[in-house]
Amino acid sequence: MSNLLNRLKADAEAVEKALTAYLSRENERYPVLFDAMRYGVLGGGKRVRPFLAIEVCRMLGGKTEDVMPYACALEHIHSYSLVHDDMPCMDNDVLRRGKPTMHVKYGEANALLCGDALLTKAFEIATENENADPKIQSRAVKSIADLSGAFGMIGGQMLDLASEGKNISPEDMRYLHSLKTGALIKCACRLGIIASGCTDEGITADIDEYARCIGITFQIIDDILDKTGDEATFGKSIGSDEKQNKTTYLSFMSVEEAYSEADKLTKKAVAAIEKYENSEVLTEFAAWLYARKK
């Protein structure tokens, strides 16, 4: 596990450096927007999605520089989604990554515009990958658009809002989370595949299965931590799901049963990719997601 932690740290540092460079340009007439964008993206977060993009690309023989622009684009999209998610019209959270949420620090209108700017910036970054030929570039941008849009993350967020205060079925909840949480995790892995130049459908199917399983595990552990975690460690408000009357995995099972389900999914994720050379980092990562406390 120490090798994984070193890789997580190294990848996060490389991503942070790249993100800082992408966010260095600003307009002096309205600096608050760029301050807010940097506040929303830099200096925090697990960088799970960029890590997955980078490590899938590496596993398949690609280089970090091949995928880094796509990884940073996806992190911009993830960050914008958190900014909008936290706003009063949605989850109304006041704490994110141990800091005041964007609308608390900058005001609602600035938070809304910051999220819009981060989404737009993501596609600017993705289309500037000098290491990709046009065909790879097109596949990557389409994947980002598909999995972050109305049939991906945004669709999941819409279902999440619509389900507040309602008793939805386990099947509907799983579908909701497959979009809201799972779509960007799948996108990260797909970007790693695309950037590596791999077009093998069998490999893609196995990595998709890996992404599906760790995506559900990620959500299960999030639901557990939202109920049982320590706010200082978790980095955001505890009990927000219950306050919003949201259906979670703990609506249908105990904490112990939820951990058991996450353990089964983690084993499935490992089984999907362990046959591939250089898959150790990703298989260890699946176990790390299961055991995380924040």
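The values are calculated or read from the model by the stated rules, or taken from the named source; none is laboratory data. Keep in mind that what you see is a predicted model, and the values were worked out from it rather than measured. All Cβ positions, even for glycine, are placed from backbone atoms using ideal geometry, and neighbour counts span all protein chains on display. Heavy atoms of the whole protein, side chains included, go into the accessibility calculation; ligands, DNA and RNA do not. Shrake-Rupley method; radii C 1.70, N 1.55, O 1.52, S 1.80 Å.
A few remarks follow.
- The one condition in (1) modelled with pLDDT of 95 or more; (2) out of contact with any Gly (no Cβ under 6 Å at 6 or more places or on another chain); (3) part of a helix (DSSP H, G or I); (4) under 26 Å from residue 209 (Cβ atoms) that residue 53 fails to fulfil: (2)
- Qualifying residue in segment 148-156 (condition: modelled with pLDDT of 95 or more, of a type in the set (A, V, I, L, M, F, W, C), touching a helix residue (DSSP H, G or I) at 6+ places or on another chain (Cβ under 9 Å) and open to solvent by less than 30 Å² (accessible area, probe 1.4 Å)): yes
- Test: residue 160 is of a type in the set (D, E, K, R) and under 30 Å from residue 32 (Cβ atoms): yes
- Answer residue from segment 51-86, given it is over 18 Å from the mean Cα position of the chain (by Cα) and closer than 22 Å to residue 121 by Cβ and is most open to solvent (accessible area, probe 1.4 Å) among those: 65
- Residues in segment 278-294 that are of a type outside the set (A, V, I, L, M) and either farther than 19 Å from residue 208 by Cβ or open to solvent by less than 60 Å² (accessible area, probe 1.4 Å) (or both): 279, 280, 283, 284, 285, 288, 290, 292, 293, 294.
- Residues within segment 135-149 that are under 11 Å from residue 183 (Cβ atoms) and of a type in the set (A, V, I, L, M), tallied: 2
- Scanning segment 1-44 for residues that are out of contact with any strand residue (DSSP E or B) (no Cβ under 8 Å at 6 or more places or on another chain), open to solvent by less than 70 Å² (accessible area, probe 1.4 Å) and not in a helix (DSSP H, G or I) gives 23, 27, 42, 43.
- Per-region count, segment 98-145, residues closer than 20 Å to residue 196 by Cβ and of a type in the set (Asp, Glu): 3
- When 286, 291 are checked against the criterion of being within 21 Å of the chain's Cα centre (by Cα), of a type outside the set (D, E, K, R) and modelled with pLDDT under 95, a single residue qualifies: 291.
- Checking each residue in segment 123-159 for being more than 12 Å from residue 77 (Cβ to Cβ), among the small types (Gly, Ala, Ser), touching a residue at least 24 places away in the same chain (Cβ under 8 Å) and in a helix (DSSP H, G or I) picks out 140, 155, 156.
- Taking segment 268-278 as the range and being more than 21 Å from the chain's Cα centre (by Cα) and in a helix (DSSP H, G or I) as the test, only 271 passes.
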